[in-house]
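Working notes for the structure below.
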Amino acid sequence: MKILRSLSRIIIGIVFIFSGTVKAIDPLGSAYKFHDYFQAFNIGFLDSLCLPLAILLCTAEFIGGFAVLTGFRQKTGIWIVMILMAIFTPLTFILALTNPVSDCGCFGDAIHLTNWQTFGKNIILIAFAIVLYTGKKQVKNIFSAFNEWIVTTVVIFLFILFSLFNLRYLPVIDFLPYKTGVRIADKMVIPEGMPVDQYETTFIYEKEGIRKEFSLSDYPANDTLWKFIEQRSVLIKKGYQPPIHDFSISRMNGADLTQEILSYPGFSVLMVSKKLSEAGKNHLAEGFDLGSYCAAGGIKFYILTASGTDEVKKHDNGLQFCSADETTLKSMVRANPGFLLIKDGVIIGKWSWANVPSKEWFRKQKSKDCTGNNLKILNDL
């Protein structure tokens, strides 16, 4: 039994630390996942709690795993783990049955699991958690309770700071498909031989007041007595989906700009603001100022947003506003606004509003490139 408890400590500790850490690396991504669930269950009035809940959840997971694995406040860690498992195991079962959101988000964007895979994972974990819970009376403190609480409090404080750092300056590890160094067009291609979506098509025909369903193999194509009513197609097997499958940029008048942006050999800066109304006014103003400076220096500048025309008109300043899907913009950069520097369709720089380089820096990069100097892929200044 002692070996089983030790094994349970290691497994629970590692899984919970990993789960909490990848969420803390991308707290805004976890907040988006809360938003998706709130919308699916018609409780959108809780949207203001998405980010606080995201940070609370990743902190609880990490501290629970930390306490169980290290032994600092181990009983507290066991209680945290049991509470989380008691909440999320039945919840993931409901999600597996109803499938309101395809990806559970339990490991952020680092590892994608289906809802059934998540439920299966939780069934295994809760078994280990029960082993720890039943043996909690045998747990002994490493140090005095006071000293252990001091260590745990410091760890909590540092972990929250880590989450806030990633929130402000973008994730320290980018799990998104729009990573620095990526050629966007390459990530939009389906490799040869990969499975495609499979659909089951049903045709509805009517004859003498009676409607009947037919498949592709037996529908009455040559029988004029049957009158076609409708066609239904149902996805029965999901095929391969490229990492980037929804990159589509258009002008506000609807003209497509996707290929123009991806094929342009010079520099392009994409200022991404999923909703202009949700961005800080000062941050937008600084972004617009950068846009004017870049445009004057021969660097193309596009403002990508999912905001409607009326909202865009409030910011009419002569810059190029473009329309894009909100989900796409969320996956491009975890900031509002965020910035991507692209050349030849390759992302060579990516920043949030908090650490975007000075406007003079962009002009210098263009000058270096014009003189033939090699431009390095840039993550930061």
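Across the stretch 1-12, what is the number of residues that are closer than 14 Å to ILE124 by Cα, of a type outside the set (D, E, K, R) and in contact (Cβ under 8 Å) with a residue 60 or more places away in the chain?
5
Those residues that are surrounded by 15 or more Cβ atoms within 10 Å (Cβ to Cβ) and of a type in the set (A, V, I, L, M), I need them from the stretch 81-117; list them, please.
VAL81, MET82, LEU84, MET85, LEU91, LEU95, ALA96, VAL101, ALA110, LEU113
Among the listed residues PHE119, PHE18, PHE38, PHE93, which satisfies the condition of being touching a residue at least 40 places away in the same chain (Cβ under 8 Å) and assigned to a helix (DSSP H, G or I)?
On the way: PHE119 fails: touching a residue at least 40 places away in the same chain (Cβ under 8 Å); PHE38 fails: touching a residue at least 40 places away in the same chain (Cβ under 8 Å); PHE93 fails: touching a residue at least 40 places away in the same chain (Cβ under 8 Å).
Being touching a residue at least 40 places away in the same chain (Cβ under 8 Å) and assigned to a helix (DSSP H, G or I) holds for just one of PHE119, PHE18, PHE38, PHE93, which is PHE18.
I need every pair where a residue in the stretch 153-177 that is aromatic (Phe, Trp, Tyr) has its Cβ under 7 Å from the Cβ of a residue that is assigned to a helix (DSSP H, G or I) and crowded, with 19+ Cβ neighbours inside 10 Å, sequence separation at least 6 or different chains.
Within 7 Å, the pairs are PHE159/ALA24; PHE159/THR59; PHE159/PHE62; PHE162/ALA24.
Being β-branched (Val, Ile, Thr) and modelled with pLDDT under 95 is the filter here, so list the residues in the stretch 262-304 that pass it.
The answer is ILE299, and nothing else.
In the stretch 285-321, what count of residues is obtained for those that are under 27 Å from SER367 (Cα atoms), surrounded by 19 or more Cβ atoms within 10 Å (Cβ to Cβ) and not small (Gly, Ala, Ser)?
Of the residues in that region, 8 qualify.
Please find, within the stretch 52-71, the residue that is surrounded by the most Cβ atoms within 10 Å (Cβ to Cβ) out of those that are in contact (Cβ under 8 Å) with a residue 60 or more places away in the chain and touching a Pro at 6+ places or on another chain (Cβ under 8 Å).
Among those that are in contact (Cβ under 8 Å) with a residue 60 or more places away in the chain and touching a Pro at 6+ places or on another chain (Cβ under 8 Å), it is CYS58.
Which of the following residues is polar (S, T, N, Q), touching a residue at least 60 places away in the same chain (Cβ under 8 Å) and surrounded by 22 or more Cβ atoms within 10 Å (Cβ to Cβ): SER263, SER273, SER268? I'd like the intermediate steps shown before the answer.
Details: SER263 fails: surrounded by 22 or more Cβ atoms within 10 Å (Cβ to Cβ); SER268 fails: surrounded by 22 or more Cβ atoms within 10 Å (Cβ to Cβ).
Result: SER273 is the single residue among SER263, SER273, SER268 that is polar (S, T, N, Q), touching a residue at least 60 places away in the same chain (Cβ under 8 Å) and surrounded by 22 or more Cβ atoms within 10 Å (Cβ to Cβ).
Being part of a strand (DSSP E or B) and either closer than 18 Å to GLY291 by Cα or among the small types (Gly, Ala, Ser) (or both) is the filter here; which residues of the stretch 333-352 pass it? Please lay out each step first, then the result.
Start the filter on the stretch 333-352 by keeping residues that are part of a strand (DSSP E or B), which leaves 338-343, 346-352.
Answer for the stretch 333-352, where residues must be part of a strand (DSSP E or B) and either closer than 18 Å to GLY291 by Cα or among the small types (Gly, Ala, Ser) (or both): GLY338, PHE339, LEU340, LEU341, ILE342, LYS343, ILE347, ILE348, GLY349, LYS350, TRP351, SER352.
Name the one entry in ILE261, ILE299, ILE303 that is of a type in the set (A, V, I, L, M, F, W, C) and under 26 Å from VAL172 (Cα atoms). Lay out the reasoning, then the answer.
On the way: ILE261 fails: under 26 Å from VAL172 (Cα atoms); ILE299 fails: under 26 Å from VAL172 (Cα atoms).
Just a single option satisfies the conditions, and that option is ILE303.
Please go through the stretch 275-328 and pick out each residue that is among the acidic types (Asp, Glu) and under 28 Å from the mean Cα position of the chain (by Cα). Full working, then the answer.
Keep residues of the stretch 275-328 that are among the acidic types (Asp, Glu), which gives 278, 286, 289, 310-311, 316, 325-326.
Correct list: GLU278, GLU286, ASP310, GLU311, ASP325, GLU326.
Taking LYS281, is it under 28 Å from PHE165 (Cβ atoms), basic (Lys, Arg) and crowded, with 18+ Cβ neighbours inside 10 Å?
No.
Only one of (1) over 21 Å from TRP351 (Cα atoms); (2) acidic (Asp, Glu); (3) touching a residue at least 60 places away in the same chain (Cβ under 8 Å) fails for GLU286. Which number is that?
All conditions are met except number (1).
Condition check ((1) of a type outside the set (A, V, I, L, M, F, W, C); (2) over 18 Å from the mean Cα position of the chain (by Cα)) across all residues:
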{"residue": "GLN39", "(1), (2)": "yes, no"}
{"residue": "GLY44", "(1), (2)": "yes, yes"}
{"residue": "ALA60", "(1), (2)": "no, yes"}
{"residue": "PHE66", "(1), (2)": "no, yes"}
{"residue": "ILE87", "(1), (2)": "no, yes"}
{"residue": "PHE93", "(1), (2)": "no, yes"}
{"residue": "LEU97", "(1), (2)": "no, yes"}
{"residue": "ASP109", "(1), (2)": "yes, no"}
{"residue": "HIS112", "(1), (2)": "yes, no"}
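Considering each of VAL333, VAL356 in turn, give the residue that is of a type in the set (A, V, I, L, M, F, W, C) and either farther than 18 Å from TYR302 by Cβ or more than 18 Å from the chain's Cα centre (by Cα) (or both).
Sole residue among the options that is of a type in the set (A, V, I, L, M, F, W, C) and either farther than 18 Å from TYR302 by Cβ or more than 18 Å from the chain's Cα centre (by Cα) (or both): VAL356.
Which members of the stretch 22-76 meet the condition of being under 18 Å from ALA335 (Cβ atoms) and small (Gly, Ala, Ser)?
Selection gives ALA24, GLY29, SER30, ALA31, ALA54.
The values are calculated or read from the model by the stated rules, or taken from the named source; none is laboratory data. This structure is a prediction, so every number in the text was calculated from the model and none was measured. Here Cβ is always computed from backbone atoms with ideal geometry, including for glycine, and neighbour counts include all displayed protein chains.
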